[in-house]
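What follows is a short report on a single structure.
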Amino acid sequence: MAFRIIGSGMRLGDDHLSRNRLSAQLNIDSNTLATRFGVKERFWATNQQSALTLAADALQQAFQQANCEWRDIDLLIYASGTQHQALPYDAAALLHHLSCPVPIASFDINSTCLSFLTALDMAQTALIAGRYQRIAIVSSELASPTTRYQEAEVASLFSDGAAAFIIEASPEGQGLSATNFETHPCGYDYCQIKAGGTGLNPRQNSYEQLLAASQFEMRGRKLFRHAAKLLPTFVERTLNSAGITLDQLDAVIPHQASALALAKLPKLLRIDAEKISNHISWLGNQVSASLPTMLHLQRQQYGKNAAGKKVLLVGTAAGLSLGMGVITL
């Protein structure tokens, strides 16, 4: 026994930036955005939107598709890399925002870009143990506030969005298999937002220092080179241990790390490019929301033919962490 997906939904930021508009805002040539960074368009949250409003909209879609309401949910997992605020935690913030009519178990999971996959793995464990029967998972990210004023490569990479899933225990459900996670801490400083915790605080740091530390920092080339060395062996070893071959996969959904990373992925994993879901040109990198958004779109694409499809979710995250799992729809 594992789980089956009974509902999913997604929500993008309402500020739609065409490539020409983004080019003007970032003061960079439009052709450079297209050819060098692979950008067609981006979606940023407006001033009226927050991570909570995006999460609420995505979750409402998932509820409608699953034909359920809060009284049918045993647990809410808020799985994201950025926080709405330091305290209380974001699952509680979302329940407050939605005026949830019933008390419900909830917690956060943060493994940055791999947060949704980590939450799915933990949820499956809880369902198999019989602790819960129906779980809601939501990932919502506002990346643009910490990136939009940086160099063009970083500022044009990210988009804001949210995705939500409702899963339930099922005797016939296969859920996740070939699941594995690894953290290689030598890559810890490749991607960082240093502020927001107790490492930097107002007693010891000036306002200017805190403001600067609130911006996203990325050593992109070093991150890519390190991840490219680790990922192929990681995926091959995990699939082999689970007795799953690449030919058995119907689709590969990678974290939308960058246009360069996705272009190199077919060769790295030795898999047909047609099997790889790549929407980086319009959806950008949505941090933890990328994987569930792509999975939602894949379910929409399959439609009534989704049952039994095997999809590999795989990616890297700040840490440096690697994660993967094969989900049977």
query = If you take the residues in the stretch 95-106 that are part of a loop (DSSP other than H, G, I, E, B) and surrounded by 11 or more Cβ atoms within 10 Å (Cβ to Cβ), which one is nearest to the chain's Cα centre (by Cα)?
reply = LEU98
query = Taking interchain pairs and intrachain pairs at least six residues apart, which have beta carbon atoms under 6 angstrom, with the first residue in the stretch 113-138 and within 10 Å of ILE167 (Cα to Cα) and the second part of a loop (DSSP other than H, G, I, E, B) and charged (D, E, K, R)?
reply = GLN133/ASP74; ARG134/ASP74
message = Show me the helices (runs of 4 or more DSSP H) entirely contained within the stretch 248-329 in which 3 or more residues are out of contact with any strand residue (DSSP E or B) (no Cβ under 6 Å at 6 or more places or on another chain), within 18 Å of LEU223 (Cα to Cα) and open to solvent by 20 Å² or more (accessible area, probe 1.4 Å).
response = 259-269
key: Residue check, LEU246 of a type in the set (A, V, I, L, M) and free of Cβ contacts under 8 Å to residues at least 60 places away in the same chain   = yes
note = Taking the stretch 118-174 and the residues there that are open to solvent by 10 Å² or more (accessible area, probe 1.4 Å) and of a type in the set (D, E, K, R), the one that is nearest to the chain's Cα centre (by Cα) would be ASP121
request  = State whether the residues of the stretch 149-158 include one that is more than 17 Å from SER290 (Cα to Cα) and among the small types (Gly, Ala, Ser).
outcome  = yes
Subset tally (residues that are under 16 Å from SER139 (Cβ atoms), assigned to a loop (DSSP other than H, G, I, E, B) and touching a His at 6+ places or on another chain (Cβ under 9 Å)) for the stretch 85-94 = 0
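Condition check ((1) outside any loop (DSSP other than H, G, I, E, B); (2) touching a strand residue (DSSP E or B) at 6+ places or on another chain (Cβ under 8 Å)) across all residues:
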{"residue": "ASP108", "(1), (2)": "yes, yes"}
{"residue": "CYS113", "(1), (2)": "yes, yes"}
{"residue": "LEU117", "(1), (2)": "yes, yes"}
{"residue": "THR125", "(1), (2)": "yes, no"}
{"residue": "ILE137", "(1), (2)": "yes, yes"}
{"residue": "ASP189", "(1), (2)": "yes, no"}
{"residue": "ALA195", "(1), (2)": "no, no"}
{"residue": "GLY199", "(1), (2)": "no, no"}
Subset tally (residues that are closer than 15 Å to PHE181 by Cβ and over 18 Å from the mean Cα position of the chain (by Cα)) for the stretch 223-256 = 9
request  = Specify the residue that is surrounded by the most Cβ atoms within 10 Å (Cβ to Cβ); the eligible residues are those in the stretch 48-72 that are part of a loop (DSSP other than H, G, I, E, B) and touching a strand residue (DSSP E or B) at 6+ places or on another chain (Cβ under 9 Å).
outcome  = GLN49
remark   = Taking the stretch 150-168 and keeping residues within 22 Å of ALA58 (Cβ to Cβ) and of a type outside the set (D, E, K, R) leaves LEU157, PHE158, SER159, GLY161, ALA162, ALA163, ALA164, PHE165, ILE166, ILE167
message = Take the residues in the stretch 201-232 that are aromatic (Phe, Trp, Tyr) and part of a helix (DSSP H, G or I); name whichever of them is most open to solvent (accessible area, probe 1.4 Å).
response = TYR207
remark   = When every residue in the stretch 73-93 that is touching a residue at least 40 places away in the same chain (Cβ under 8 Å) and out of contact with any strand residue (DSSP E or B) (no Cβ under 6 Å at 6 or more places or on another chain) is compared, the one most open to solvent (accessible area, probe 1.4 Å) is GLN83
task = For TYR78, work out the one condition from (1) part of a loop (DSSP other than H, G, I, E, B); (2) under 19 Å from the mean Cα position of the chain (by Cα) it doesn't fulfil.
result = (1)
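The values are calculated or read from the model by the stated rules, or taken from the named source; none is laboratory data. Here the structure is a predicted model, which is why all the values come from computation and not from measurement. A quick note on method: Cβ atoms are made from the backbone with ideal geometry, for glycine too, and the neighbour counts reach across all protein chains shown. Ligands, DNA and RNA are excluded from the accessible area calculation, which covers all protein heavy atoms including side chains. Shrake-Rupley method; radii C 1.70, N 1.55, O 1.52, S 1.80 Å.
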